[in-house]
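Asker: Just dropping this structure here.
Here, each number is a calculation from the coordinates, and none is a lab measurement. Here the structure is a predicted model, which is why all the values come from computation and not from measurement. When we count neighbours, we look across all protein chains shown, and the Cβ atoms used for this are built from the backbone with ideal geometry, even at glycine.
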Amino acid sequence: MRPRTLLLTMLALATAANAQQRPLFDVDDFVDPRARDGHSLFVSRLILGVARGSADDYRPLHQDTAFAELANSIYWSSFQLDYKHAEVRGENDWSHRIARGAPRIIPAPVPVPCDVPISPQPPCHAAIAAVATAGAAPLPGPRETVQLAWYHGNGTMLRYRLTWSHQRIEAPLVINLGTNTVTASHAPGREESLGLDFDTHLRIAGRDVFGSLIAAETRRSGTGDDGTRRELVYVSRPPGLPAGPALLRATLAVGGVSGAAGGVNVVQPALELLWSPRVSGINIHVVCRGLALRERSGWTSHTEVGLFADRALFVH
């Protein structure tokens, strides 16, 4: 199969389900082994864009971001191996803002007791603002992801995938509002996720219903706010609809995430408009993703909007 035809097939079959909530910009290449005629395939893809109201794994960042991702995929037999490196930069990226001498505080300053384990020890009357808060998403930064998938099926090809990701978490910073000095309470930590997603196919009232069942565990360590988050989510993926020269597709995720109220506490609809100009080889994505999360105090809502482009750098 010609590379251009194969890439169009990949776009047509691209899904929106992944182990863990996938970043808004992570383009997912689903390649039916039958479309490769038994040949192996390597694809290197670059993604660039911006997002408004970014979120990380069902956790709003409360800021806008710019991002770049390099995704390398190898397909052989019925298997797929991905390595992805993403760089995300936000309005409140501490590593850059402190270097420029202009740190900002997110969230708003909160009092910290005088016996907090930081060095140097602040005076007791000083107000301290802590960057890291319990359950908050890491500040924007680099992320590494490795995925191994297996395709299986006869009339309908389904994918079963294991995903591991790693993200460094900078040391929680505190600002002494009395002296306007910045300190770190301890060494940087990390957040690692391991997840499985299983494609599903049901026949209901004569219609094909496709989706994915996702189970994942995320562990944070070395931060002073260590803990484990677990997810069990089902993502429904109805067929895409042509919209002129573009393709319109939607997903709906429903499930539960630990750390919030019990039971079903996550509802996430998403809508994507994909346009693929034939001349440039660039694919333009406009994505709007909502999030309703049931906390112990009640439901909260969040909206994330992204504009990005992806292009295959190398196909062999």
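Asker: So what J values fall out for segment 26-41 if you push phi through Karplus, 6.51 cos²θ - 1.76 cosθ + 1.60 with θ = phi - 60°, rounded to Hz, Gly and Pro as x?
Answerer: After applying 6.51 cos²θ - 1.76 cosθ + 1.60, I find 7, 6, 9, 8, 9, 10, 5, x, 5, 6, 9, 6, x, 8, 6, 8 Hz.
Asker: Please list 3J(HN,Hα) in residue order for segment 264-271, calculated via the Karplus relation 6.51 cos²θ - 1.76 cosθ + 1.60 where θ = phi - 60°; whole Hz, with x for glycine and proline.
Answerer: My calculation for segment 264-271 gives 6, 10, 10, 10, 9, x, 9, 9 Hz in order.
Asker: Can I ask one more? Where Lys and Arg each count +1 and Asp and Glu each count -1, what net charge lies around Ala71 among other residues with Cβ under 13 Å from its Cβ?
Answerer: Net of charged neighbours comes to -3.
Asker: Can you tell me the length gained on complete extension of the stretch Arg296 to Ala261, counting 0.36 nm per residue apart and subtracting the Cα distance?
Answerer: Stretched out fully, the Arg296 to Ala261 stretch lengthens by 12.1 nm.
Asker: Using the Karplus curve 6.51 cos²θ - 1.76 cosθ + 1.60 with θ = phi - 60°, work out ³J(HN,Hα) for each residue of segment 239-245 in order, rounded to whole Hz, and write x for Gly and Pro.
Answerer: Each residue's phi maps through the Karplus curve to give x, x, 10, x, 10, x, x Hz.
Asker: Still on this structure, please answer the following. Put a dot 7 Å past each Cα toward the Cβ at Leu202 and Val286; how far apart are the dots in nm?
Answerer: It is 3.3 nm.
Asker: Non-local amide H neighbours of Met157 (under 5 Å, H modeled in plane, Pro and chain starts lacking H): which ones?
Answerer: Residues meeting the amide H criterion: none.
Asker: Calculate the FRET efficiency for Ala243 and Ser40 from the Cβ-Cβ distance with a Förster distance of 35 Å, rounded to the nearest 0.05.
Answerer: After rounding, the FRET efficiency stands at 0.55.
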